[in-house]
Amino acid sequence: MSYCKQEGKDRIIFVTKEDHETPSNAELIADDPNDPYEEQGLVLPTGEINWNCPCLGGMASGPCGSQFKEAFSCFHYSKEEVKGSECINQFRSMQECMQSYPELYPQEEDKESSSQAESQSGTASADNSALLSENDSTPSTSVVSSDSMAPTDNQATS
């Protein structure tokens, strides 16, 4: 005997072998655009911008969220021949806001220089560890180029 059980938003239907043998008479319900569990894209079915879309990366919230929304809305709804050409002031305002929060919105140059500094410090520490003797924690006096990484006199005899 089949039966149905409701658990929160889910409906669980238990069926018997006999139930599976008869054709289904289930009716499919059209997607509800207001369903909070339904994934929506950047543009909602109404044509409005979905500010909760993960594709925006949280830019619509935070200290520059209102400037981002103004600039993005202007671009999205633009009817100009060169789309968004009338939005320069909104994008400038957003950029100025972002520049006042460099820890949240790092510039591309900042990202590149910090990653270069990290990689150089990692290389330097690798070079320094190569100079340490296996049996001794004091650095050896020989200089090893990072190109050859040849063993020092102390390391060759160990």
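The values are calculated or read from the model by the stated rules, or taken from the named source; none is laboratory data. What you see is a predicted model, and the numbers here were worked out from it, not measured in a lab. Don't worry about glycine lacking a Cβ; one is built from the backbone with ideal geometry, like all the others, and counts go over all protein chains shown. Heavy atoms of the whole protein, side chains included, go into the accessibility calculation; ligands, DNA and RNA do not. Shrake-Rupley method; radii C 1.70, N 1.55, O 1.52, S 1.80 Å.
Considering only residues in the range 16-32 that are assigned to a loop (DSSP other than H, G, I, E, B) and open to solvent by 90 Å² or more (accessible area, probe 1.4 Å), the one that is modelled with the highest pLDDT turns out to be P23.
With respect to the conditions (1) modelled with pLDDT of 85 or more; (2) assigned to a loop (DSSP other than H, G, I, E, B); (3) open to solvent by 70 Å² or more (accessible area, probe 1.4 Å), N89 falls short on a single one, namely (2). Pairs are defined by a Cβ separation below 7 Å, a sequence spacing of at least 6 or placement on different chains, a first member in the range 10-28 that is without any contact (Cβ under 8 Å) to a residue 60 or more places away in the chain, and a second member that is among the hydroxyl-bearing types (S, T, Y) and open to solvent by 90 Å² or more (accessible area, probe 1.4 Å); the pairs so defined are F14/Y3.
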